[in-house]
Amino acid sequence: MQDFDVIVVGAGNAAFCAALAAREQGASVLMVEAAPEEESGGNSRFTAGSMRVVYNGVDDIKTLVPDLTEQEIATSDFGTYTQEQFFDDMARVTQDRADPDLVELLVTRSFDTLNWMRTKGVRFIPIYGRQAFKIDGKFKFWGGLTLDAVGGGPGLVDMLTNAAAKQGIEIWYQTRALDLLFDGARIEGVRVRQDGQVRELRGKSVVLASGGFEANPEWRTRYLGPGWDLAKVRGTRFNTGDGIRMALEIGASPCGNWSGCHAVGWERNAPEFGDLAVGDQFQKHSYPFAIMVNATGKRFVDEGADFRNYTYAKYGRVILEQPGQFAWQIFDQKVKHLQRDEYKIRQITKVTANTIEELAGKLDGVDAPQLVKTIAEYNAAVRAEIPFNPNVKDGRRTEGLAINKSNWANTIDQPPYEGYAVTCGITFTFGGLRINTNGEVLNTDYQPIAGLYAAGELVGGLFYFNYPGGTGLTSGSVFGRIAGTSAGRARVN
Ligand SMILES: Cc1cc2nc3c(=O)[nH]c(=O)nc-3n(C[C@H](O)[C@H](O)[C@H](O)COP(=O)(O)OP(=O)(O)OC[C@H]3O[C@@H](n4cnc5c(N)ncnc54)[C@H](O)[C@@H]3O)c2cc1C
């Protein structure tokens with residue numbers, strides 16, 4: 001039997017932020033992680049490390065990226081991402097469902113929390129590749145998402161692991177938390193499985209940061225609905241909902257959008273779970289400049305409804321709902337240069353053709369004559385006199401189609417044509433545990449469960465239906481830090 005002040009379950013971004021914050025309060029901290037070390041870091045390791053953060057101009061960016069050069073500043077238009085913009089984005093994409101108290105913390109603490117991470121050794125860089133198009137010699141950032149952790153998700157997890165080591169925080173890998181030790185009034189620790197043995201770890205507080213239930217096909221089907229067992233998992237195979245289950249078993253209150261999740265267009269033949277060698281590159285996020293068709297040869301969604309950051313997380317579900325759970329994205333050479341890097345990987349289902357008829361014949365599983373008709377009708381409906389501009393919602397749309405495209409509509413007429421096959425890749429689930437503004441988990445009477453805290457994906461109430469890109473990591477950091485601080489302070493009581 002071993003005693004710790006704070007036991008953190010998981011070793012992803014939220015868990016590290018909780019552990020570091022608890023340590024700052026003087027607590028002894030243990031992290032238990034189900035995965036072996038080489039697969040640890042959870043979904044956080046699979047990310048690009050993109051983090052949505054409030055900034056009021058270039059000076060705030062310089063604070064977060066002190067090594068930005070004069071040349072970089074001169075050739076970048078970062079614009080702003082104010083608190084109001086972040087509040088508006090959260091309200092709009094969640095259809096005004098997000099818990100206002102949680103959103104308030106997320107938005108108002110984002111800048112301060114990234115700065116705090118910097119003091120722990122996490123470094124950031126502007127996302128020149130994915131979030132800015134170069135116009136007249138200047139990179140213009142769009143969509144409210146401007147910074148990546150250096151080295152992406154793997155870099156972020158490595159920097160956080162180093163920070164934890166420096167603070168004397170222990171991490172036990174291949175140690176899966178099974179249950180909470182609870183005397184009916186307060187938490188006393190966790191029961192874990194390690195080396196095939198079950199053992200009890202005593203802790204004054206426990207922070208659950210073990211992710212959602214996206215890697216659990218049975219729970220996906222149970223809560224997200226029929227068909228979700230067929231989705232590919234974009235990230236870790238270890239997020240099976242354990243933290244949520246353990247808390248519910250001792251009376252925690254479920255909260256949020258249990259039938260909702262973040263899911264995207266993802267390589268049709270990707271493996272069942274994420275592959276760290278490929279990372280997030282199975283995603284295919286340049287669809288705003290393409291069209292998407294299903295097995296019937298028809299379009300089924302407005303590909304240009306908004307910037308990618310505000311539609312990608314809900315379009316995975318739309319693809320899952322198509323016959324055979326797949327779609328093809330179609331590009332011509334006019335927009336090829338706008339494709340993100342992920343279109344260049346080897347592990348891709350791609351066809352190329354010199355005519356639309358040839359392309360139609362090559363798209364596996366698609367009604368070819370209908371596809372030819374769809375493209376002809378689409379081309380005729382493009383308002384080509386409106387200038388095309390990928391940096392803004394340009395209003396260059398189609399008119400008169402059953403499903404119009406609202407922005408970035410270009411005729412498809414410059415061969416060679418390319419088709420990319422996608423299916424649904426689930427990122428993380430939205431439903432989870434109810435917490436208060438101290439990061440304490442509430443019971444079904446809405447009272448804090450003494451000694452129990454939560455952060456990251458398994459917190460419910462923040463995201464409904466959709467999600468603004470880059471918010472998952474920021475939420476994990478903000479709420480991880482809050483939960484860890486509370487847990488660290490509680491040990492003295
Ligand atoms: C491919 C991909 C790309 C993404 N890109 C971005 C991006 O660029 N920006 C962004 O903000 N978000 C992104 N996301 C979402 C982001 O990954 C998550 O929102 C965020 O990482 C969640 O952090 P977390 O700490 O809550 O969970 P995780 O990082 O998943 O950590 C949970 C940890 O708990 C461990 N665990 C699970 N069960 C147990 C148990 N019983 N006992 C012990 N340990 C357990 C897991 O092994 C894991 O290490 C992406 C996700 C994926 C999959």
(request) Please say if the stretch 113-228 is rounded, prolate or oblate, where rounded means a/c under 1.5 for a ≥ b ≥ c the square roots of the C-alpha gyration tensor eigenvalues, and otherwise the choice is prolate for a/b larger than b/c and oblate otherwise? (result) oblate
(request) Could you rank the peptides 263-273, 395-405, 435-445 by their average count of other C-beta atoms within 10 Å per residue, with the highest value first? (result) 263-273, 435-445, 395-405
(request) Please compute the net charge surrounding Gly189, taking Lys and Arg as +1 and Asp and Glu as -1 over other residues with Cβ under 12 Å from its Cβ. (result) -1
(message) With θ taken as phi - 60° and the coefficients 6.51, -1.76 and 1.60, list the Karplus ³J(HN,Hα) couplings across the stretch 350-358 in order, rounded to whole Hz; mark glycine and proline as x.
(response) 10, 10, 10, 7, 8, 10, 5, 5, 5
(message) Helix-only mean residue ellipticity at 222 nm, the chain, DSSP H runs n ≥ 4 weighted -39,500 (n - 2.57), per residue, nearest 500. What is it?
(response) -8500 deg cm²/dmol
(request) Calculate what fraction, in whole %, of the accessible area of the stretch 47-193 sits on carbon and sulfur atoms when a 1.4 Å probe is rolled over the protein chains. (result) 46 percent
(message) For the stretch 145-257, what does the accessible surface come to per residue with a 1.4 Å probe? Please give it in Å².
(response) 38 Å²
(request) Work out the length of the dipole vector of the chain about its Cα centre, built from +1 on the beta-carbon of each Lys and Arg and -1 on the beta-carbon of each Asp and Glu, and round it to the nearest 20 debye. (result) 220 debye
(message) Suppose all protein chains stay in the model; what accessible area per residue would a 1.4 Å probe give for the stretch 411-471, in Å²?
(response) 25 Å²
(request) Quantify, in whole percent, the carbon and sulfur part of the accessible surface of the stretch 397-493 (1.4 Å probe; protein heavy atoms only). (result) 45 percent
(message) With the cut-off at 27 Å, tell me which of the pairs Lys314/Lys393; Lys120/Lys284; Lys120/Lys393; Lys232/Lys362; Lys166/Lys344 have Cα atoms farther apart than that.
(response) Lys120/Lys284; Lys120/Lys393; Lys166/Lys344
(message) Could you tell me the relative contact order of the stretch 327-468? Use alpha-carbon pairs under 8 Å, at least six residues apart, and round to a whole percent.
(response) 25 percent
(request) Please give the net charge around Arg130, taking every other residue with its beta carbon less than 10 angstrom from that of Arg130, where Lys and Arg add +1 and Asp and Glu add -1. (result) -1
(request) Can you tell me the relative contact order of the chain? Whole percent, Cα pairs under 8 Å, sequence separation 6 or more. (result) 25 percent
(request) Mind listing the long-range amide H neighbours of Ile291? Cut-off is under 5 Å, sequence gap 5 or more, other chains count too, H placed in the peptide plane at 1.01 Å from N. (result) Ile330
(request) Select from Gly203, Leu230, Ala252 the residue farthest towards the positive end of the dipole of the stretch 190-267; place +1 on Cβ of Lys and Arg, -1 on Cβ of Asp and Glu, and compute about the Cα centre. (result) Gly203
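Of the GluC sites (Glu not before Pro) in the stretch 296-395, which ones lie in a loop per DSSP and count no more than 16 other C-beta atoms within 10 Å?
Those that pass, being in a loop and sparsely packed, are Glu321, Glu385.
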(request) Quote the charge dipole size of the stretch 141-289 about the Cα centre in Debye, to the nearest 20; the model charges only the Cβ of Lys and Arg (+1) and of Asp and Glu (-1). (result) 120 debye
(message) How large a share of the accessible area of the stretch 234-273, in percent, is made up of carbon and sulfur atoms when the probe is 1.4 Å and the other protein chains stay in place?
(response) 48 percent
(message) Please give me the summed charge of the neighbours of Glu33: other residues whose Cβ is under 10 Å from its Cβ, Lys and Arg +1, Asp and Glu -1.
(response) -1
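Counting pairs of alpha carbon atoms under 8 Å apart in space and at least six apart in sequence, what relative contact order in percent does the stretch 290-393 give?
In percent, rounded to a whole number, it is 34.
The values are calculated or read from the model by the stated rules, or taken from the named source; none is laboratory data. Keep in mind that what you see is a predicted model, and the values were worked out from it rather than measured. Here Cβ is always computed from backbone atoms with ideal geometry, including for glycine, and neighbour counts include all displayed protein chains. Only protein heavy atoms, including side chains, enter the accessible area calculation; ligands, DNA and RNA are left aside. Shrake-Rupley method; radii C 1.70, N 1.55, O 1.52, S 1.80 Å.
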